[in-house]
1. Which of the residues belonging to segment 5-28 are part of a helix (DSSP H, G or I), modelled with pLDDT of 85 or more and under 11 Å from residue 54 (Cβ atoms)?
2. Pairs, please: C-beta under 9 Å, at least 6 apart or cross-chain, first residue in contact (Cβ under 8 Å) with a residue 12 or more places away in the chain and at positive phi and in segment 41-65, second exposed (fewer than 12 other Cβ atoms within 10 Å of the Cβ) and assigned to a helix (DSSP H, G or I)?
3. How many residues does segment 41-57 contain that are part of a loop (DSSP other than H, G, I, E, B) and over 10 Å from the mean Cα position of the chain (by Cα)?
4. Residue 37 is checked against (1) modelled with pLDDT under 85; (2) surrounded by 11 or more Cβ atoms within 10 Å (Cβ to Cβ) and fails just one. What number does that condition carry?
């Protein structure tokens, strides 16, 4: 049985596998996302394409939840970067 966070991790892994995200430099970081309980750390290249892709994944994921995460209501109109 998959947990909710494992589904999000799978979405990020698929985006990485299909080369939608910029490859990470070197071999030091093996996984794009690190999940522990309800915490998530995502490793990205700071490019507009990567940020847009992750934003779309998070919005798709949040749309399937019964309640919106706090970052949806915390966004400022001046910033395209997700805030937590």
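1. Answer for segment 5-28, where residues must be part of a helix (DSSP H, G or I), modelled with pLDDT of 85 or more and under 11 Å from residue 54 (Cβ atoms): 11, 12, 15, 16.
2. Note: no pairs meet the criteria.
3. Summing the residues that are part of a loop (DSSP other than H, G, I, E, B) and over 10 Å from the mean Cα position of the chain (by Cα) in segment 41-57 gives 3.
4. (2)
The values are calculated or read from the model by the stated rules, or taken from the named source; none is laboratory data. From a predicted model like this one, the values you see are computed outputs, not experimental measurements. As a convention, Cβ positions derive from the backbone with ideal geometry for all residues, glycine included, and neighbour counts pool all protein chains shown.
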